[in-house]
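Have a look at the structure below, then the notes.
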Amino acid sequence: MRAPRKWDTPTEDSVPPETPTPTDTRIQRRTLHEEVVSRLRDMIIEGTLATGTRINESELGPQLGVSRTPLREALRTLASEGLIELVPSKGAVVRRFSVADVAEMLECLKAIEGFAARVGPARASDAEIAAILAAHDEMMLRYAARERLAYYKLNQSIHTGIAGLAGNASLAELHALVQGRLKRIRFIGNHAEDKWAGALADHEAMAQALRRRDGPALAAAVESHMDNTLARVRDIL
């Protein structure tokens, strides 16, 4: 069994550069670039920067308190993640996905997480399992408090954690790429109370299987969750 890795309960990003442990009292610092990227990503996820709209750099820079250079560097990073498009003669535009686009990406996540779920419980350390379950418990608290963005980021960290249980760096990299492109879509998928409750029920089934280290059950729960996610977002695309 390999040495434990750290999985974090996120604050600004789903996968922060460094994860503090309960005994780690160091102040975590991020660069200006990381801070601007994080802020813009949240604005896209929450819809402050609406899908399909052009990003007005002359207005957004002063709003964030940054010059045009770090803003454009951040936009290029988000373009590489697939959240925005850099359109000639138009500039940066928040990317719009079709139902077919989303279906294809969820199919990829279903394959990646399904595989990781099958093999991961047998490969993972107790600490890795415990960290994901701790994120699940915290996510339940955020749901009860109706803290939608905090809930969403914990949700994404759980999916990242499950993908990471396979211990396959290439697989984890592919997962991060696809999951990043679906950030806004999956956030708004819980816009209605019944859909949010349904997503939570999916995650509870995943957590129960993970507690038992039941790979087949975890895979079935993850794959069902991806199918249900498409059904939840189809009417808002």
FRET efficiency, 1/(1 + (r/R0)^6) with R0 30 Å, evaluated for LEU177 and SER67 via beta carbons: 0.55
Rounded to the nearest 20 debye, dipole of the stretch 101-192 from Cβ charges on Lys, Arg, Asp, Glu: 300
By average C-beta atoms within 10 angstrom, highest first, the peptides 155-166, 111-122: 155-166, 111-122
Additional length obtainable on full extension of the chain from ALA197 to SER80, 0.36 nm per residue less Cα span: 38.9 nm
Rounded if a/c under 1.5, otherwise prolate or oblate - the stretch 177-225, Cα gyration tensor axes: oblate
Cβ charges +1 (Lys, Arg) and -1 (Asp, Glu), total dipole of the chain, debye: 300
All aspartates and glutamates inside 15 Å of LYS153 as judged from Cα atoms, apart from same-chain residues fewer than 8 positions distant: ASP8, GLU12, ASP13, ASP42, GLU46, ASP137, GLU138
Dipole-positive endmost among TYR152, VAL66, SER98 within the stretch 65-164 (Cβ charges, Cα centre): VAL66
Residue-count net charge about HIS191 - beta-carbon cut-off 12 Å; Lys, Arg +1, Asp, Glu -1: +1
Furthest towards positive pole of dipole, PRO88, LEU182, ALA220, structure part the chain, Cβ charges: PRO88
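Since every read-out is calculated from the coordinates, none of them should be taken as a lab result. As the structure is a computational prediction, the values presented were derived from the model and not from experiment. Neighbour counts are summed over all protein chains in view; Cβ atoms, including those assigned to glycine, are modelled from backbone coordinates with ideal geometry.
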